[in-house]
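Down below is the structure, laid out as structure tokens.
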Amino acid sequence: MGIACTVQRCYASIAAADGRWISIPKSYMEEKVVYFEAPGEGNTAEVLRLARERAQARSITKVVLASTRGETARIAADAFADTAIRLVVVPHQFGFGDVQRFPEQLATELEQKGHRVHFGTMLFHTEELYGTRAPRALANILRVFGQGMKVCVEILLMACDGGAVVPGEKVVAVAGTASGADTAVVATCAPSTRLAQLRIHEIVCKPLLDG
């Protein structure tokens with residue numbers, strides 16, 4: 001179950017010189033954010049519905065999606081099948097575990113449907129390569145917003161590093177906690193070499209956190 005705020009653009013009324021009242025837009029807007037009562041894969045269908053809705057409202061044509069074993073990617077491909085939206089699916093990199101858990105056949109099927117599957121270096125797991133705990137520290141900072149938010153940022157950087165999206169491109173990113181999807185954001189992409197240019201514009205949905 002999710003909790004949503006209201007959606008409206010805000011206006012202020014002011015008096016003109018001739019005595020008429022006119023409405024002008026305020027310098028902010030209110031937009032819906034859905035908070036799930038618990039994290040996890042039980043939110044997947046609703047996350048994809050919300051991601052599709054927001055992407056279409058913003059004329060966004062790419063969704064960057066985390067999927068470890070392929071199930072979330074399958075569901076997402078069906079959810080966006082009748083739209084112009086294309087997926088950039090980001091599984092775990094090769095060598096992260098003993099075997100690659102994302103099915104090779106599924107990668108082929110998704111690419112035949114016009115989507116892209118990108119296996120790239122997981123940037124927040126590179127402490128042994130660089131001899132520093134900075135990547136893990138950054139990951140832990142992002143986890144204060146939830147595991148899904150950390151993964152959203154990571155896959156945006158990975159997708160841009162791999163050329164699956166271009167720097168400055170606005171997309172929706174979707175990720176989750178352990179499995180499935182429970183978090184979605186609207187973001188502008190940047191590569192890891194220009195991390196400061198990455199922008200999270202809107203939180204579409206995320207789980208409430210305990211504690």
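Applying a DSSP loop filter and a limit of 13 other Cβ atoms within 10 Å to the chymotrypsin sites (Phe, Trp or Tyr not before Pro) in the stretch 93-125 leaves Phe94.
Sorted on the mean count of surrounding Cβ atoms within 10 Å across their residues, most packed first, peptides 178-184, 58-64 read 178-184, 58-64. In terms of its C-alpha gyration tensor, the stretch 39-206 comes out rounded, because the ratio a/c of the largest to the smallest axis stays below 1.5.
Sequentially through the stretch 173-180, phi angles give Karplus couplings (6.51, -1.76, 1.60; θ = phi - 60°) of 10, 10, 8, x, 10, 6, 8, x Hz, Gly and Pro residues having no value and appearing as x. Amide H contacts for Glu202 (H built 1.01 Å from N in the peptide plane; partners 5 or more residues away or on another chain; cut-off under 5 Å): Val186.
Charged neighbours of Asn140, selected by a Cβ distance under 11 Å, balance to +4 (K, R count +1; D, E count -1). Note on Val89, Val204: ascending count of other Cβ atoms within 10 Å places them as Val204, Val89, the fewest first.
Between the amide H of Phe36 and those of Ile3, Lys206, Leu208, distances stay under 5 Å, these residues lying 5 or more places away or on another chain, with hydrogens modeled in the peptide plane. Coupling constants for the stretch 151-159 follow from the phi torsions by the Karplus curve (6.51 cos²θ - 1.76 cosθ + 1.60, θ = phi - 60°), and in residue order they are 5, 4, 5, 5, 6, 5, 5, 5, 5 Hz; glycine and proline get x.
Counting beta carbons within 10 Å around each of Arg20, Arg199, Arg52 and listing the fewest first gives the order Arg20, Arg199, Arg52. Within straight-line reach of Lys206, meaning a Cα separation under 19 Å, sit the following aspartates and glutamates at least 8 residues removed in sequence or on another chain: Glu30, Glu31, Glu37, Glu41, Glu46, Glu53, Glu154, Asp182. Backbone phi angles across the stretch 42-56, fed through the Karplus curve with coefficients 6.51, -1.76 and 1.60 (θ = phi - 60°), yield HN-Hα couplings of x, 9, 4, 4, 5, 4, 5, 5, 5, 5, 4, 4, 6, 4, 5 Hz in residue order; Gly and Pro are listed as x. The slack between Lys32 and Gln93, meaning 0.36 nm per residue of separation minus the straight C-alpha distance, is 18.6 nm.
Less than 5 angstrom separates the built amide H of Thr183 from those of Ala175, all sequence-distant by 5 or more or on a different chain.
Electrostatic tally near Thr188: other residues with Cβ closer than 10 Å to its Cβ, Lys and Arg +1, Asp and Glu -1, net +1.
Values quoted throughout were computed directly from the atomic coordinates according to the rules given, and no laboratory measurement underlies them. Source: prediction; values computed, not measured. Here the Cβ is made from the backbone with ideal geometry for all residues, glycine too, and neighbour counts use every protein chain on show.
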